[in-house]
Structures are given as structure tokens and as C-alpha cells.
Amino acid sequence: MSENSKPLNFIEQIVHKDLDTKAVEQLITRFPPEPNGYLHIGHAKAICLNFGLANTFKGQCNLRFDDTNPGKEEQEYVDAIKEDVSWLGYEWAGEVKYASDYFDTFYAWAQHLVREGKAYVCDLSAEESSAYRGWATKPGKPSPYRERSIDENLDLLEKMKQGEFDEGHCVLRAKIDMSSPNMQMRDPIMYRIRKQTHHQTGDKWCIYPSYDFAHGQEDALEGVSHSVCTLEFADHRPLYEWFLENLPVPNTPRQYEFARLELNYTITSKRKLKQLVDDGHVDAWDDPRMPTVSGMRRRGYSPASIRNFCELIGVTKSGSSIDVGMLEYAVRDDLNDNAPRAMCVLKPLKVSLTNVPLDMNETMIQAIHPNRPELGEREMRFTQSLYIDQADFTEEQGLSRKKFKRLVLGEWVRLRGGYIIKADECVKNEAGELIEILASIVPGTVGENPPEGIRPRGVIHWVSATDSFDCEVRLYDRLFNDESPDAGDKNYIDYLNPESLTVLKGCKAERSLESALPGVSYQFEREGYFCLDSKHSTDTHPVFNRAIGLKDNWKK
């Protein structure tokens, strides 16, 4: 490690030592999601870690689906996960892999354990099994079926495979230790009967291996050197190692655990996220308020910002809650450096200039990015009628400049990249509502200081009333208004933020935004960062989603 290199996290230190001592010849990791939902920000951390290790140490990372539960898995999830990994900027080694690729081998290995007297078919019901298993402080007791003969177990296992028993009739268990203080070692299930169609293997199988039986063997078959998982699997490691020790595996991987990502104001339980979708609290898994990778992509987060966030929080052995403000900071920081600038008026108020011709049409040159001249410039039309935001004007005179830095009746303000204007008169409808400002420009002030005696209060954004287009803008915010919405016995539904989505119609955008594409975020000057919605936008009805505001409005 060079002097300028960042310190290695504890897993990187392990890998560095193993490669240096030749304990392993090549680093091989894997990202092994279950295709029973969309990936979320916690998965993003695991992706960045596993693929990042492969990149750092010139190894490889496999993408493998642990598809052992067909009742909850769908091809839709498989496709979404592949898209998410690619979008985050990573490439997996070789073809995508599946646990189901190895089902024949798993079954042969299950027979091997039966022949060795280390597995048996158990007819206990789920309720009976729970009672026999005991508690953390109370040893379990052996199943009455634990001492079946090898021949009987082989015959029953084959009948399970041939579909001769109903679901729940029996299971295959490993014969380990019913008195072990580690509950995972108390004769864990290896196979269950599931008469369900599998998204990869169709109806070939009606028994499916458990995650614990399949996972380590998948690693072994793929030559994985370092099996990296989150801390909740630490108690599973003895079982992981027991299977490897008792099966004729071609390779012996090692399991290492790190702290999972706990993010406040967020839930990452797939079951709870699915409930949000199924119950209509959000419109889909990729709703921009969801902590899913697809939701963050649709909202306008950049892949770099998520990678930077994962780098920022680091990899440790101890769990702690991370402030979601750190994620928002990473998004804001990346977009500030890279997002092109544009102007969009969210709540338009018409301004008519009374001292210019009706057909005025001047070209104003604006930088695409103030700190990146290589990105070039864009043009905006300055016309006799304009739009500014309603919040940028007040009739109340006598306000201090510190309190209100925008347009005040009888005073001046500079339009970004354009003229200084003075608000001369208000036009109201019969209800007394403000509908228009009559104003005048100060000639010769484009890019120039104003004449003596004229002090504009500040700078505001604008668009031409005749050379802009209508759009819808969706202001997204945190989905929950509680730091720990599902802690303890809380019902997280009770803490949904009623202001997590505000829809603004009739917004006015500058013409450069007509070429906006989903996945490219813009800074709407003075408003925040926005991205064209990939789902609801049409050629005639563009919709922009707010990725993040310019400032953290949740800071305490």
C-alpha cells in the first residue's frame, strides 16, 4: 500500500494478507441476491464492497442468484437486479449464475450426507419441529425420525423428489447436534417440498434446497475465496463450515461478516417494502421515494453518488445507524460538481416589461456549468413577457435586504444572466389575486454593473413566457418522518411522511430542457437537482423529479 493510498478496511486487510501469503491464488467474490424483491441501498453497499474488492485486488466477482424459494421469486426481480448492478458501474465475471444451476449436484450431495448417516427425512410438522428445537437457553430434543435407516432415508428422499408427498409432509434435515448452543446447528433443514414452478428450472423440481444448504456449496463450486456477508449470518458460519467439511466440495471458501447498512428515516426489509407497493402507499418498487436502487435511479441520484456514499460510510464489524443525511450529502455533492444548469419556474408569475418592444427577442448566453467551461454554453431568449417564481416577489415594502433578497414592488432585482428589472406595478384579478407584474428593464445591465443609485436586491431565475415549455415537477422528500419508523413495536405505516410527494403542474422550463433524458440530472438554479422521469414523461407531458434540494431542510 502506497503512502497516498487510503487505509484498508478489515476485509481488505484479510484479502491483502491472503494474497500476500499465497493462502489464495486469486480473489473471487460474489454478490448473491435472492430474486424476491428489488435491490435497496443496503444491497448497494454489498455490491460496492464485493465488486470493489475484485477491482482493487484484480480478482473477479460473480453475480449469482440464490433462487431456492420459487414461491417468492420472479423473473422481474432477476432482470431488475442485473440492471441495477450494471447501472452502479460494475461488471460481473462470466455469465450470470444461479443456485438452480447446481440443483442436480445439491441433490447428489444430499444423498451423500444420507449415506454417511449425517442427514435424515423428518416427518414432524412445523409446530412440532419448533417445539423439538428448544430455545436459546434450552436444548432441543431429537426428532423421533432421527434414527431412520440409511436405506429408508434414501427411499423417502427420492419419493420427496418424485412428488409423492404433499407440501409440508416431511423435510430433509442435517443430523448435527440438537443440544448445540447455536440454534443454527440443531438439525437444520436441507430440503423442503415446494410444488411450485421455478423461474429457471420450470417444473423439473418439487423439492428445493434451503439457503443454508445451498449457499456455501455454491461458493465452493464457483471457487469463491472470500464469501462476504452481513453480521446476521455470523451464527450461520459454523453451519456453512460444517457442510463444507462434510461434502466432497472442490474448494473451501471462507465466510467473513461485516455490519449491514442501517439508515435512519428508512426501512430496508424487503417484506415491508413489498407491502408499501402492494398496499399502494407508493406506486411501484421504483417509486422515487423508495430506498431501492431503481427508485434512486428514477429520482435522479447518480451511480457515482451512491458509490461515494458507500465509500464514505466504510466497512466495519460493528453495526450503527447511519444518518440518511450522509447519503443526501453524497448525492448533492456529486450533482453540484457534474449536473448541467438550467432554469425552471415552479410556480410561475408573469412579468411584462413595459419599456421594451412587444417583439423583443434577445439571446442571453448562460454557462452550462459555472465551474466547467468545457461543457460549453446554452442560449435563452429574453422576451417582452417573462415568468418568475411567485415566491420571488412581494408587494411588502420596507423589508430588509437580509430578510428578502428578491423582487420587491418599487425596487430592482437582477435576472440571472439577463437585465436588471424594476417592479413598477401589480395587476390583480377581480378576486384581488396577483396575476401579473408590470416592470421595466435597466438598459445596458446584461453582464454589467448597474448605474449609480440602482441597487438590485439579489439575483432570481426566470424563463421567457413565449419561449419556454410547460412541464410537471414532482418534489420528492423522505418517505418517513420518523428516524426509526419500524423500531420495536412501531407500525411503520403510521410514520409515512404526508409531504413525501408534492406535484406541481404548469411549471415553465427553458428550452434547453427539451432535450433532457432520463438518468441525467440538472440543477434547476435556486431550486435543486431534477431528473426527467423515466416512467411518466411523454413527448407532450414531460415530468421532472426532484432528486435533492440545494440545502438540507431536515438538519436539526
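Can you tell me which residue in the stretch 122-169 is farthest from the chain's Cα centre (by Cα), limited to those that are over 22 Å from residue 108 (Cα atoms), of a type in the set (A, V, I, L, M, F, W, C) and part of a loop (DSSP other than H, G, I, E, B)?
By that ranking, first place goes to 124.
Hey, can you tell me all the residues within the stretch 331-367 that are surrounded by fewer than 20 Cβ atoms within 10 Å (Cβ to Cβ), among the acidic types (Asp, Glu) and touching a helix residue (DSSP H, G or I) at 6+ places or on another chain (Cβ under 8 Å)?
Scanning the stretch 331-367 gives a single hit, 333.
Going by the conditions given, is residue 225 over 17 Å from the mean Cα position of the chain (by Cα) and at pLDDT 95 or above? Give the steps one after another, and end with the answer.
On the way: over 17 Å from the mean Cα position of the chain (by Cα): yes; at pLDDT 95 or above: yes.
Yes; evaluated as a whole, the condition is true for this residue.
Considering only residues of the stretch 286-316 that are assigned to a loop (DSSP other than H, G, I, E, B) and more than 12 Å from the chain's Cα centre (by Cα), which is farthest from residue 535 (Cα to Cα)?
First, the residues of the stretch 286-316 that are assigned to a loop (DSSP other than H, G, I, E, B): 286-291, 300-302, 314-316.
Within this subset, residues satisfying the condition of being more than 12 Å from the chain's Cα centre (by Cα) are 314-316.
Values: 314: 33, 315: 34, 316: 37 Å.
Filtering first and then ranking leaves 316.
Scan the stretch 433-474 residue by residue and report those that are of a type in the set (Asp, Glu) and either loosely packed, with under 13 Cβ neighbours inside 10 Å or under 18 Å from residue 347 (Cβ atoms) (or both). Before you say what the answer is, go through the steps one by one.
The initial filter retains those residues of the stretch 433-474 that are of a type in the set (Asp, Glu), namely 433, 436, 448, 452, 467, 470, 472.
Passing the criteria: 433, 436, 448, 452, 470, 472.
What number goes with the only condition from (1) buried (at least 20 other Cβ atoms within 10 Å of the Cβ); (2) over 20 Å from the mean Cα position of the chain (by Cα); (3) assigned to a loop (DSSP other than H, G, I, E, B) that residue 488 does not pass?
Single failed check for residue 488: (1).
Name, by its number, the condition in (1) surrounded by 21 or more Cβ atoms within 10 Å (Cβ to Cβ); (2) free of Cβ contacts under 8 Å to residues at least 12 places away in the same chain that does not hold for residue 8.
All conditions pass for residue 8, except number (1).
The values are calculated or read from the model by the stated rules, or taken from the named source; none is laboratory data. All figures in this text were calculated on a predicted structure; none of them were measured in a lab. Quick reminder, even Gly has a Cβ in these numbers, built from the backbone with ideal geometry, and neighbours come from all protein chains shown.
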